[in-house]
1. Taking the Cα atoms of region 57-125, report the difference between the largest and smallest coordinate on each principal axis, in whole Å and largest first.
2. Which of E85, E50 comes first, and how do the rest follow, when ranked by fewest Cβ neighbours within 10 Å?
3. Could you list I107, I56, I93 in order of exposure, starting from the residue whose Cβ has the fewest other Cβ atoms within 10 Å?
4. Starting from the Cα of K103, draw a straight line to each of the aspartates and glutamates and keep only those under 14 Å, dropping any in the same chain fewer than 8 residues away.
5. Suppose every Lys and Arg Cβ carries +1 and every Asp and Glu Cβ carries -1, with no other charges. What dipole size does region 57-125 come out with about its Cα centre, to the nearest 20 debye?
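Just so it is clear, none of the values below were taken in a lab; they were calculated from the coordinates. Note that the coordinates shown come from a computational prediction; the quantities given were computed from them, not determined experimentally. Cβ placement follows ideal geometry from the backbone for every residue including glycine, while neighbour counts extend to all protein chains displayed.
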Amino acid sequence: MCLGPSRFFLPFTPKIQTMKNLSSLLLALLFSVTALLPTSRAADGEIVYEGAITGIVCASCRSHVTQALTERLDGTVAVKVVAGEKEGEQKLIITSTNPEVTKDKAISALGSLKKMYHIQSLERKG
């Protein structure tokens, strides 16, 4: 049994321009809500540190840095490496319970990896 186009019924015929306007409105609303969300969230007692790191060129590099900082930097709860604003530089986000995380301590936590990956900056946020 064929249910071709003659059997398909819409109770109304949407106008193309109305659909485009609605899509644009929903997209604008989505971007507005996303812009209001914080870039880094921490639970009570956790501190977020943000900085820049270079030398990360693949997922394996990201994994090495994340593992080293998580295991060797006291109080570290989470480490994220995301795309940075400059080419060749990534954003480093460390969530920690330790109020004394510094760039130098993070570099030391990299151990022998500090030859390949360079933490350019690291600052406490919020």
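1. Ordered largest first, region 57-125 gives principal extents of 30, 26, 18 Å.
2. E85, E50
3. Values: I107 16, I56 22, I93 19.
Going from sparsest to densest Cβ surroundings: I107, I93, I56.
4. E50, D74, E123
5. It comes to approximately 60 debye.
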